[in-house]
Each structure stands twice: as C-alpha cells, then as structure tokens.
Amino acid sequence: MITTSGLAVDGGAKAFAKMSGKAQPKVGVEEFLSIARRFGFSPEALQRLASAVSDGDLPERGPHLGRYWGSAKPSMGEQFEALAKDKFGVRHALAVSNGTGALHSTMLAIGAGPGREVICPGMGFMATSMAVALAGATPVFCDVDESLQIDPSKIEALITPRTIAVIPTHHWGVVCDMDPVMAVARKHGIKVIEDCAQSPGATYRGRFVGTIGDIGCFSISSYKIIGGGEGGMVITNDDRLFDRICQAAESGGLWRPSRCAPERYPGELFIGGNYRMSELESSINVIQLRKLAGVVDRNRAVWRRIKPQLGNYAEITWQKSNDPRGDIGYMMRYFPATDELGRKIAKALTAEGIDTSYRGAGAHPDFHVFRDMFPLFGKFADRCRAELCPVASDLYDRSLITGLDQWWSPADCDAVAAGINKVLSVYCTKIGEQA
Ligand SMILES: Cc1ncc(COP(=O)(O)O)c(C=O)c1O
C-alpha cells in the first residue's frame, strides 16, 4: 500500500522503535534482602523472599511483587490462601493486609452501614468495634462472663430490628462459647463473624475457631502468635459472601474473572477499598501458617501441665474455660477477691521469678476494654458507658495475668505451678485442687 500520510498506522516508519536506555529494576533483590536480613528471618524465609523478589515476572524492570500480576505460577498470596484453605478445611480464604482490613471488608460485605447495629464484646481489642464504626454502623457492646469472652446469655436482649451481626472475639488464646452464640444468632437471623486474631488454631468442640460462624477474621501480625510484619486473613464457606469480601478488600476488581465487567448478579459490586496482602508478607506468612499447629501444641502442653497442679483458693476465681481442650492457653488470667490482694500477689509472684501483672482499680486506660475506647467516643460515647457491661469493666481491672511460654520445659512448668501455689497458699485460703 502506498502511504501518503507517513504515519506508522498507514505503514510508515515508527517514530519510536525501541527504548535504547537500559531499564533498571524498581526493587533489586539484594536491596530488598539486605533489609530482610536485619529482621532476622530464618534461612528458609530468606530463601522464599529471594524467590519472591527474583521471580522475574518483569525481567527487565525487576520483580513486580503484586499478587495479581498474572504469572503462570501461583502468586505468594495464592499460595498462602491455598494453604489456609487446606489447614482450616474451608472453601475460601482471602489474604489481606491486616486484621482490621479483614474485619472492615467483612463488615462491608455483610452490609454493615448507617442504621445497622453489630454486637461486639465489651472486652477484646478496639479494632473489632472500630471496623463496625468504619463501615458506618453502630457497635453495641455486650458484656462478658468469667471466661472474659462474650456472654451468650446477654446477646438476645441487645438484638433490635437494626442488628445484622454479632462478633464473638476469641481472645487471649481462649475460645467463646459458640453453641449458644450460634443458637441465638440463628434464631434472629443475624450473621456470626468470628474475630480470631488472638486465638488462631484454637478449637471449640473440635472445630477451628473461624469456621463455626459465617466468616472468620484473623490478624497475622508480629503481635500475634503467628505472623511476621503485618497481615490478615478472612475465611468462609459461603460463596456469595466471599465474592463480597473480595470486592470490599479489592474494589479494583482484579479478583474477578473479567476485571471491569458489569455485575454478574445483583449485589456483586459495591464501593470497597484495597486491603491486598503484599507478596513479601505472603511469602513469610506461608511459613508462619505452617508453624501454627506446632505453636498451638506447645502452648497447650505448657497450659495442660500447669493448670491441674494449681490449687483452688477461696479468694481466687480462675478464668472460666468454654472448652479446655480447645483453648491455646498462652496466658493465665485469674481474679483476686480484692484489689489489695491482686497487687500483693503480682508483686510476690514477680519476686519468685514468675512475671505477673495486675492492673487494679484506677489503672491507665486501655483500648482492650470498651469503656476506654476513646476513639469511638466522638460518635458512640453513650455506648461506652462503664455500667453497660459491668462484668467486663470490673474483671478487666481485677485480673492477674501470668504469661506462659510455649518453650518452657516440663520442669519449668512444674516450677511455675509450684511458685504460684507457694504464693497463693500464703495469701489465700486453699479449698481444694483444680478439677
Ligand atoms: C481481637 C483483635 N481483632 C483485630 C485486631 C486487628 O488486627 P491488626 O492489628 O492486624 O489490624 C487485633 C489486633 O490486635 C485484635 O487483637
């Protein structure tokens, strides 16, 4: 064809044939690993990181490090999710950037918004109720019982026509009493969202927490029993809810078979955000998730060795367990009859070499108890009045806390149990052995 315009589109020479400048990788492998080494990752973790950053999906410009890049190999995020599905025995798992993102995406997915209420425990971490508020809904606090978990007998009275869900939060390594929680939720047709950030791998009557309600949310950060850095996860067996969680957590649509296609069914698409877990976090968290069972087993062994050795004392109430076989038990909490006794016991145990803390009345505020959740006050101060959840308010301050360690030997456990009995038998009245 004869071209008159000279345009490449008409067959003319191209204005720009090929870049002659040499592209440099955006993130060099060495550059990244020099940072990673400073965090003391294991050789296996470093090797996985090296493979994540040198995978070469953009050979000229360095690794892309994005989970949706579309390489033939599963991304690190997909590997993490496949492992999570296998470990927890669920149909769906989504890796997200943190536990707050897991909860917020879940709230958006279930339709939490203005005019809706979600029941949260009076004790746990503020991220749970903040996620509700962030979605525009109202957190309604429910008191706890002596397990320090949500008190199932107090949920029903809080349900209104606006209530759409309850969030039992399994915290400090123990589990909520899920059967009565599920019963009241099913009776009223509200969703059950389990916040498992502090008890991943714990079980209730043989089932993993996070698989009993409609959706399970996890934090996988350095502060939790597994996780290095920041991370989170959502699991569910519900296909439609899972689509909505994906949409809330990645509204750019990369999760969809055809990214920008119109809705495949009513309710598939709505306004969301972006909580993708990074490829680097995913590569670490694959290893972390593989370690979970070992972490749980070691913690349980310590707990089960110490607990039966402890006596019962008239002035001490031990934290109730909703499933002694399912708790992880990395922390022991118990309630002295008086503030003065609590302070004396904490001081004496610490002097024995057993680190124990006691908050006591008038202690500094703490975002783990509803009445101190100041960021919520601007909108929900009336929901945070101490008298609304008297048990949470009292027991949060009146708790002795002895941290346990998964690496203690049987001899360490015996020494700790003997030390606790030594102190309690001086300050309290022994009334028998633990069942
Ligand atoms: C019970 C609970 N839920 C949610 C979160 C939020 O997790 P993240 O810090 O990963 O956002 C935490 C974190 O401490 C938590 O303890």
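The values are calculated or read from the model by the stated rules, or taken from the named source; none is laboratory data. Predicted, not measured: the structure shown is a model, and the values here were computed from it. No Cβ is skipped: glycine too gets one built from the backbone with ideal geometry, and neighbour counts run over all protein chains shown. Protein only, heavy atoms only, side chains kept; ligands, DNA and RNA dropped before computing areas. Shrake-Rupley method; radii C 1.70, N 1.55, O 1.52, S 1.80 Å.
Tell me which residues, restricted to the range 227-254, are within 16 Å of the ligand (Cβ to nearest atom) and of a type in the set (G, A, S).
Step one: filter the range 227-254 for residues within 16 Å of the ligand (Cβ to nearest atom), giving 227-235, 245, 248-249.
Hits for the range 227-254 are G227, G228, G229, G231, G232, A248, A249.
Beta carbons closer than 9 Å, at least 6 apart along the sequence or on distinct chains, pair a first residue in the range 32-57 that is farther than 14 Å from E279 by Cβ and in a helix (DSSP H, G or I) with a second that is open to solvent by 60 Å² or more (accessible area, probe 1.4 Å) and at pLDDT 75 or above for L46/R37.
Quick one: count up the residues across the range 126-147 that are farther than 28 Å from D243 by Cβ and either within 12 Å of the ligand (Cβ to nearest atom) or of a type in the set (S, T, N, Q) (or both). Let's see the steps before the verdict.
To start, the set of residues in the range 126-147 that are farther than 28 Å from D243 by Cβ comprises 126, 141-147.
Restricting the remaining residues to those that are either within 12 Å of the ligand (Cβ to nearest atom) or of a type in the set (S, T, N, Q) (or both) gives 126, 147.
Residues that pass the stated criteria total 2.
Mind checking which residues of the range 332-356 are in contact with a helix residue (DSSP H, G or I) (Cβ under 6 Å, 6 or more places away or on another chain) and either closer than 14 Å to P139 by Cα or among the hydroxyl-bearing types (S, T, Y) (or both)? Listed by number, the list holds a single entry, T356.
Looking only at the range 228-256, count every residue that is assigned to a helix (DSSP H, G or I), farther than 16 Å from G111 by Cβ and within 17 Å of the chain's Cα centre (by Cα) and tell me the total. Here the count works out to 0.
Conditions (1) under 20 Å from N312 (Cα atoms); (2) surrounded by fewer than 16 Cβ atoms within 10 Å (Cβ to Cβ); (3) not basic (K, R), marked per residue:
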{"position": "E340", "(1), (2), (3)": "yes, yes, yes"}
{"position": "D366", "(1), (2), (3)": "no, yes, yes"}
{"position": "F374", "(1), (2), (3)": "no, yes, yes"}
{"position": "P390", "(1), (2), (3)": "no, yes, yes"}
{"position": "S399", "(1), (2), (3)": "yes, no, yes"}
{"position": "V423", "(1), (2), (3)": "yes, no, yes"}
{"position": "K430", "(1), (2), (3)": "yes, yes, no"}
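Can you find even one residue in the range 104-112 that is open to solvent by 20 Å² or more (accessible area, probe 1.4 Å) and in contact with a Ser or Thr (Cβ under 9 Å, 6 or more places away or on another chain)? Checked against the condition, which is being open to solvent by 20 Å² or more (accessible area, probe 1.4 Å) and in contact with a Ser or Thr (Cβ under 9 Å, 6 or more places away or on another chain), the range 104-112 yields no hits at all. Confirm whether Y265 is closer than 20 Å to P74 by Cβ and either in the same structural domain as R207 (by TED's automatic domain parsing) or open to solvent by 10 Å² or more (accessible area, probe 1.4 Å) (or both). No, not satisfied.
Anything in the range 340-365 that is in contact (Cβ under 8 Å) with a residue 40 or more places away in the chain and not aliphatic (A, V, I, L, M)? List them, or say none. I'd like the intermediate steps shown before the answer.
Residues of the range 340-365 that are in contact (Cβ under 8 Å) with a residue 40 or more places away in the chain, as a first pass: 341-342, 344-346, 348-349, 352-359.
Answer for the range 340-365, where residues must be in contact (Cβ under 8 Å) with a residue 40 or more places away in the chain and not aliphatic (A, V, I, L, M): G342, K344, E352, G353, D355, T356, S357, Y358, R359.
Residues that are over 17 Å from R371 (Cβ atoms) and assigned to a helix (DSSP H, G or I) within the range 100-127 comprise T100, G101, A102, L103, H104, S105, T106, M107, L108, A109, I110, listed in sequence order.
Rundown of residues vs (1) under 21 Å from T106 (Cβ atoms); (2) surrounded by 24 or more Cβ atoms within 10 Å (Cβ to Cβ), yes/no style:
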site	(1), (2)
D143	no, no
P152	yes, no
P161	no, no
I164	yes, no
I167	yes, yes
D179	no, no
A183	no, no
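Can you find a residue that is open to solvent by less than 10 Å² (accessible area, probe 1.4 Å), within 13 Å of the ligand (Cβ to nearest atom), out of contact with any His (no Cβ under 8 Å at 6 or more places or on another chain) and in the same structural domain as C246 (by TED's automatic domain parsing) anywhere in the range 78-93? Checked the range 78-93: no residue is open to solvent by less than 10 Å² (accessible area, probe 1.4 Å), within 13 Å of the ligand (Cβ to nearest atom), out of contact with any His (no Cβ under 8 Å at 6 or more places or on another chain) and in the same structural domain as C246 (by TED's automatic domain parsing). Looking across the range 196-222, just one residue is touching a Cys at 6+ places or on another chain (Cβ under 8 Å) and over 16 Å from A84 (Cα atoms), and that is Y204. Within the range 185-198, the set of residues being touching a strand residue (DSSP E or B) at 6+ places or on another chain (Cβ under 7 Å) and either open to solvent by less than 10 Å² (accessible area, probe 1.4 Å) or within 16 Å of the ligand (Cβ to nearest atom) (or both) comprises A185, I190, V192, I193, E194, D195, C196, A197.
Can you tell me how many residues in the range 199-223 are at pLDDT below 95 and open to solvent by 10 Å² or more (accessible area, probe 1.4 Å)? Result for the range 199-223: 2.
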